[in-house]
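Some notes on the structure that comes next.
The values are calculated or read from the model by the stated rules, or taken from the named source; none is laboratory data. Bear in mind the structure is a predicted one, so any value in this text is a computation, not a measurement. Cβ coordinates were reconstructed from backbone atoms using ideal geometry, including for glycine residues, and neighbour counts include every protein chain displayed.
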Amino acid sequence: MRKKILAGNWKMNKSIAETKDYFEVFFAGTKTIQDQINHKFEMIFAVPFPYLSTAQAAVQGRGVVAAQNVHFEKSGAYTGEVSCPMLRDIGISCTLVGHSERRQYFGDSDEVVSRKVKATLDHGILPIACLGEKKEERVGGQTFQVLQTQLDAILAPVEPSQNIILAYEPVWAIGTGLTATDEQAQEAHAFIRRRLRETKGEAFAEKTRILYGGSVNGKNVAGLISQPDIDGGLVGGASLNPEEFAVMANIVAGAK
Ligand code: PGA
């Protein structure tokens, strides 16, 4: 059984004071399920770099605090970037990689994403690697071709014995209020899992969690995570509200 994951991606939002308040409210709303976090299901909070330590101090092991991006080099003349050893240095061992906003605005090509996945694994950091088609690609019937190209780049440096998390995030559903239907999402997840099986074998395909992202909220999360190949959610907008995110955590904790 793959343990379900609820991951929040704050993107470029909040302050130190808001980060502290957030976790007070979130953990107040999840009191009855806190002993199930890490055991029955997992919580991940991907927060901006400056708030990683604040978030860790507040979370205290009741979930994982993750970065939203990382550079593939260890150190050097890369102004404005943060490396895997730096994340490890502050006790961070999980990061998003290849989010569509990184791909769209910051030039994270498939090759860059592949190098970032390799760097994370080389440094014992768990990557949450994102992939997903744009609206015109779905309309043009290219969804599976696009997913396969992105997925193969993500998987290229991965050994079947290693662990990664994948997030299927159709770009047309991110921040738009348009969610893929349960069936559309399941179809894409099943395709991804088949490809995992073809390229890395049965055990890797069975253990790898594939999250769905794109306008997930308290109303649609139950239906999405009830699909056989959807192992949780990567949530942007709705994760910013700690009350709503706590409601979602309670739903994920109760899921089979
Ligand atoms: P959204 O963002 O939930 O606001 O659509 C999801 C994401 O970008 O990870």
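Identify the residue in segment 10-31 that is of a type in the set (S, T, N, Q) and either in contact (Cβ under 8 Å) with a residue 40 or more places away in the chain or not in a helix (DSSP H, G or I) (or both) and, among all such residues, is nearest to Pro242 (Cα to Cα). Across segment 10-31, the extreme among qualifying residues is Thr30. Only residues that are in contact with a Ser or Thr (Cβ under 6 Å, 6 or more places away or on another chain) and within 15 Å of the ligand (Cβ to nearest atom) were counted in segment 229-248, giving 1. Evaluated against (1) over 27 Å from Ile225 (Cα atoms); (2) of a type in the set (S, T, N, Q); (3) part of a helix (DSSP H, G or I), Gln148 falls short on exactly one condition, (1). Among the residues of segment 103-116, is there at least one that is charged (D, E, K, R), within 18 Å of the chain's Cα centre (by Cα) and within 16 Å of the ligand (Cβ to nearest atom)? Yes, there is a match, as at least one residue in segment 103-116 is charged (D, E, K, R), within 18 Å of the chain's Cα centre (by Cα) and within 16 Å of the ligand (Cβ to nearest atom). Here Ala153 fulfils each of the conditions (1) within 14 Å of the ligand (Cβ to nearest atom); (2) closer than 27 Å to Arg88 by Cα; (3) touching a residue at least 40 places away in the same chain (Cβ under 8 Å) apart from (1). Scanning segment 163-185 for residues being over 19 Å from Val139 (Cβ atoms), more than 10 Å from the ligand (Cβ to nearest atom) and either among the β-branched types (Val, Ile, Thr) or under 17 Å from the mean Cα position of the chain (by Cα) (or both) gives a total of 4. Looking only at segment 1-59, residues that are surrounded by 17 or more Cβ atoms within 10 Å (Cβ to Cβ) and acidic (Asp, Glu) come to 1 in all. Any chance segment 218-237 includes a residue that's polar (S, T, N, Q) and under 22 Å from Pro48 (Cβ atoms)? No, the conditions are met nowhere in segment 218-237. If only residues of segment 202-228 that are among the hydrophobic types (A, V, I, L, M, F, W, C) and within 15 Å of the ligand (Cβ to nearest atom) are counted, the one that is farthest from Ile44 (Cα to Cα) is Leu224. Of the residues making up segment 72-79, none is among the hydroxyl-bearing types (Ser, Thr, Tyr), under 26 Å from Thr208 (Cβ atoms), at pLDDT 95 or above and part of a loop (DSSP other than H, G, I, E, B).
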